[in-house]
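Here, each number is a calculation from the coordinates, and none is a lab measurement. What you see is a predicted model; the values in this text were computed from it and never measured. Ideal geometry is used to build each Cβ from the backbone, glycine not excepted, and the neighbour counts take in all protein chains shown.
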Amino acid sequence: MGPLKGIRVIDLTSVVLGPMATQVLADYGADVIKLEAVEGDLMRANGLSRNRSMSSTFMNLNRNKRSVALNLKTSEGLEAAKALIQSADVLVHNMRTKAINKLGLGYEDVARINPSIVYCAATGFGDDGTYSGQPAFDDVIQGACGLASLVGHETGKPEYPPTLLADKVAGLATANAVMGALVHKIRSGEGQYVEVPMFETMVAFTMTEHMGGNGFQPSIGPAGYSRLLKGGRKPTPTKDGYLALLPYTENHWKAFFSALGRQDLFDKYDLTNRHERNKRIQELYADLRSVTVNFTSQELMTLCRKLDIPVTEIFSIDNIHEHEHLRSVQLFEVLEHPTEGNVVAIRPTALFSKTPSRITRHAPNIGEQTDEVLGELGYSADFILQTRK
């Protein structure tokens, strides 16, 4: 199952960034073997859990994988890891370069074992830069890349968005990079070293729409996308709550104001000229909010649906699972886990007509498939026991 069926990935990652990347590969059908320390991935203990070492966050990041627990500081553990690497198409890690080199599993070491391997290092800062080797976690990267400043731009006080955005974006970028290198490997037979630096990835992500005047040389104005920074785009207040409501085109604005009996507001602005509209966008959104507070959310939802204007209720993380669309597409699946009972999993969202991706394996307990995987390589039970000590 899945477009990556037949591809074996050695997953030497932990926490969020790396496991997010390898989860995508696993969901797409790759045989992802998660090499864990005998005490397990740190994320096993973070968040809510029924049983120790099986948090909901860990399970969401590590379904469709097989867990092999090894002590890589023993000769047996390292030998087993290298044997797995010989059998693999891809290795992914998010350790610092010095640390993995010290283990004897840096790129040069691995390429000697398996010259055709795609070796992907998800680093904090690019190894050829001045911050090479600096510790990097989600908060640090959010602060460094400009994101925290953007979130707090109105108050002047930087804020972190309450989601591990840097980890997850860099994780998706890592998965994309691996798949690009796999295409080259399939075409040429050549492996290669791939580096996905978290900091550079997040600067590129954050600045896509915010280059502003700095997108020219010399600069013609400040950085930032004014529609977001100064445009006043916020959740739209209604008589009984809030909506995410966005008249976007000239026809949207005209139809919306006309339907609510406010042709005067359409006439107030030169809404036929996008450039002129953008110059007064903050004022325009303020007038929009002064109108919407006189109507209920349902009244505005009905109107916007009729006029084909983008709109939605604002859902919370507590009730998003009740969204009627998500129910209809069965995004949340209830699965029976052998040790954790019924668990709710978020199914793969990419839909392949010929090679569907789906959840075929529950998130593993620490080392759950060690005997199975090393047995496939021909190791004896006695040797396997030594790899864990």
*Kindly provide the Kirkwood hydrodynamic radius of segment 1-123 in Å, to one decimal, from all pairs of distinct alpha carbon atoms.*
14.6 Å
*Derived scalar couplings ³J(HN,Hα) [segment 86-93; Karplus, 6.51 cos²θ - 1.76 cosθ + 1.60; whole Hz; x for Gly, Pro]*: 4, 8, 9, 9, 9, 10, 10, 9
*asked:* Just to confirm the number: angle between the C-alpha axis of helix 165-188 and the first principal axis of the chain, 0 to 90 degrees, nearest 10?
replied: 60 degrees
*Qualifying trypsin sites (Lys or Arg not before Pro) for segment 295-358 [loop in DSSP, other Cβ within 10 Å: at most 13]*: Lys354, Arg358
*asked:* Taking amide H atoms as placed 1.01 Å from N in the peptide plane, list the residues 5 or more away in sequence, or in a different chain, whose amide H sits under 5 Å from that of Thr238.
replied: Leu243
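Around Val15, what is the net charge, scoring Lys/Arg as +1 and Asp/Glu as -1 over all other residues with Cβ under 11 Å from its Cβ? Working shown, then result.
Numbers: positive: Arg44; negative: Asp41, Asp138, Asp167.
Neighbourhood net charge equals -2.
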*Amide proton proximity set for Gln192, modelled H, under 5 Å, gap of 5+*: Val118, Tyr119
*Residue of Leu228, Leu307, Leu165 that the Gaussian network model of the chain assigns the largest fluctuation, springs spanning Cα pairs under 10 Å*: Leu307
*Euclidean distance of C-alpha centroids, segment 84-137 and segment 170-198, integer Å*: 13 Å
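Using only the Cα atoms, work out Rg/Rh for segment 236-313, with Rh taken as the Kirkwood radius, to two decimals.
0.94
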*By how many degrees, 0 to 90 and rounded to 10, does the Cα axis of helix 17-27 deviate from the longest principal axis of the chain?*
80 degrees
_Applying a 10 Å radius around every beta-carbon, put 278-286, 52-60 in order of their mean neighbour count, most first._
52-60, 278-286
*Treating only the Cβ atoms of Lys and Arg (+1) and Asp and Glu (-1) as charged, compute the dipole magnitude of segment 120-272 about its Cα centre; round to the nearest 20 debye.*
540 debye
*Can you list the HN-Hα couplings for segment 374-383, worked out from phi with the Karplus curve (6.51, -1.76, 1.60; θ = phi - 60°), rounded to whole Hz and with x for Gly and Pro?*
5, x, 4, 8, x, 6, 7, 4, 5, 5
_Please list, ordered by chain and number, the residues whose modelled amide H lies under 5 Å from the amide H of Ser14; skip anything fewer than 5 residues away on the same chain._
Asn94
_Value of D in µm² per second that Stokes-Einstein yields for segment 139-243, Kirkwood Rh from Cα pairs, at 10 °C (1.306 mPa s)_ = 96 µm²/s
*Per residue of segment 63-69, in order, report the coupling 6.51 cos²θ - 1.76 cosθ + 1.60 (Karplus, θ = phi - 60°) as ³J(HN,Hα) in whole Hz, putting x for Gly and Pro.*
5, 6, 10, 10, 9, 10, 9
*Where nothing but the Cβ of Lys and Arg (+1) and of Asp and Glu (-1) is charged, how large is the charge dipole of segment 236-313 around its Cα centre, in debye to the nearest 20?*
80 debye
_When each of Lys168/Lys354; Lys168/Lys230; Lys34/Lys168; Lys65/Lys102 is checked by Cα-Cα distance, pairs over 20 Å_ = Lys168/Lys354; Lys168/Lys230; Lys65/Lys102
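Could you give the length gained by full extension between Lys354 and Phe266, i.e. 0.36 nm per residue of separation minus their alpha carbon distance, to one decimal place? It would help to have the intermediate numbers written out before the result.
On the way: separation 88, 0.36 × 88 = 31.68 nm, distance 4.89 nm.
Between Lys354 and Phe266, full extension yields an extra 26.8 nm.
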*asked:* Quick check of the Kirkwood formula: for segment 316-386, what is the inverse mean of 1/r over all pairs of different Cα atoms, in Å?
replied: 15.4 Å
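Among 329-338, 67-76, what's the highest-first ranking by average C-beta atoms within 10 angstrom per residue?
Working: 329-338: 12.3, 67-76: 18.5.
In decreasing order of mean packing, 329-338, 67-76 become 67-76, 329-338.
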*If the convex hull of the alpha-carbon atoms of the chain is projected onto planes in all directions, what is the mean projected area in square nanometres?*
23.6 nm²
